[in-house]
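See structure below.
The values are calculated or read from the model by the stated rules, or taken from the named source; none is laboratory data. These figures come from a predicted structure and were not determined experimentally. FYI the Cβ positions are ideal-geometry reconstructions off the backbone, even for glycines, and counts take in every protein chain you see.
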Amino acid sequence: MEKQKLNPTVVYILSVLGFLCCCIGGVGFIPSGIAFFMANSQLKKAAADPEGYEGMEGMNTAKIVALVVLIINVLYLLYTIYNIYTIGWDQIMEQWNQAIEQAQNQ
């Protein structure tokens, strides 16, 4: 019987996309969460039949990368929510507009 190969490429792509979206208020938890659950489900399927799959080490590494990116995004999302709650949305937008004006003037 031929062994199936686990392909972690999609998990890595979603993890990198999630890391890049981290700067947008922690929204990257969506693609990184999807990547983590995809890797986890594929590893569970492979653990049920270890002789039928190869490439489990690469998928395990991809799962760890997705988990780290997911944790970073969740922490940044909580930080953003905390800032909105304590500072206020209007004050945050005013600071953002001032920073943009300063950058344009330089």
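Annotations
- Conditions (1) surrounded by 12 or more Cβ atoms within 10 Å (Cβ to Cβ); (2) modelled with pLDDT of 90 or more: number failed by Gly25: (2)
- Any hit, the range 55-68, residues being in contact (Cβ under 8 Å) with a residue 12 or more places away in the chain, assigned to a helix (DSSP H, G or I) and either more than 18 Å from Leu14 (Cβ to Cβ) or among the basic types (Lys, Arg) (or both): yes
- Residue match in the range 8-28 (condition: more than 14 Å from the chain's Cα centre (by Cα) and assigned to a helix (DSSP H, G or I)): yes
- Of the set (1) surrounded by 14 or more Cβ atoms within 10 Å (Cβ to Cβ); (2) free of Cβ contacts under 8 Å to residues at least 24 places away in the same chain, all apply to Tyr82 but (1).
- Qualifying residue in the range 32-52 (condition: crowded, with 17+ Cβ neighbours inside 10 Å, under 30 Å from Trp89 (Cα atoms) and hydroxyl-bearing (Ser, Thr, Tyr)): yes
- Within the range 69-106, the residues that satisfy the criterion of being assigned to a helix (DSSP H, G or I), farther than 26 Å from Val16 by Cβ and among the β-branched types (Val, Ile, Thr) are Ile84, Thr86, Ile92, Ile100.
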